[in-house]
1. Please go through the range 63-101 and pick out each residue that is among the hydrophobic types (A, V, I, L, M, F, W, C), over 19 Å from Gly45 (Cα atoms) and more than 12 Å from the chain's Cα centre (by Cα).
2. On the given criteria, is Ala91 buried (at least 18 other Cβ atoms within 10 Å of the Cβ), in contact with a Leu (Cβ under 8 Å, 6 or more places away or on another chain) and assigned to a helix (DSSP H, G or I)?
3. Filtering the range 54-87 down to residues that are in contact (Cβ under 8 Å) with a residue 60 or more places away in the chain and not polar (S, T, N, Q), which residue is surrounded by the fewest Cβ atoms within 10 Å (Cβ to Cβ)?
4. When the range 94-110 is examined, which residues are found to be open to solvent by 30 Å² or more (accessible area, probe 1.4 Å) and outside any strand (DSSP E or B)?
5. Taking only the range 1-53 into account, find how many residues are over 14 Å from the mean Cα position of the chain (by Cα) and either within 13 Å of Ser63 (Cα to Cα) or of a type in the set (A, V, I, L, M, F, W, C) (or both).
Amino acid sequence: MSGIERRLLLIFRGSPTQAQLDRLRQALDLHPHGRLTDAEDAHFGDRDFAIADVPAVMGLWRSDDDLWSISIDADSEAILAENDIARWHSAVEVAAEDAGWILLERRSFPGTRP
């Protein structure tokens, strides 16, 4: 990989319980990080995987008490089909809704050919 860049960013509002957070991380197969009770903790999980054979990383972040985001980053030179990104958007949204979160914003960046 020559570098990585953001491909999908989903921003949610919600105040999950520890059980809901654990269920979300399990549903997305995220390695857990952070403590829900520690206001200073921002990174709550990550996972390495692939989208259409392109290496990618998913991250779970808290930016405020009830403001969360899930990001997917991939090789900056790879072009990802919008439907590949949409599949991950759907999977993340289902898991987040189960945690009681409300989707506020979706940003998608499939990439462009140089």
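The values are calculated or read from the model by the stated rules, or taken from the named source; none is laboratory data. Small disclaimer: the values here were computed from a predicted structure and weren't measured. Every residue, glycine as well, gets a Cβ built from its backbone with ideal geometry; the counts of neighbours run over all protein chains shown. SASA here: full protein model, heavy atoms, side chains in, ligands and nucleic acids out. Shrake-Rupley method; radii C 1.70, N 1.55, O 1.52, S 1.80 Å.
1. Once the filter is applied, which keeps residues that are among the hydrophobic types (A, V, I, L, M, F, W, C), over 19 Å from Gly45 (Cα atoms) and more than 12 Å from the chain's Cα centre (by Cα), the range 63-101 yields Ala78, Ile79, Leu80, Ala81, Ala86.
2. So Ala91 fails the test.
3. Glu77
4. Val94, Glu97, Asp98, Gly100, Phe109, Pro110
5. Counting residues in the range 1-53 that are over 14 Å from the mean Cα position of the chain (by Cα) and either within 13 Å of Ser63 (Cα to Cα) or of a type in the set (A, V, I, L, M, F, W, C) (or both) gives 12.
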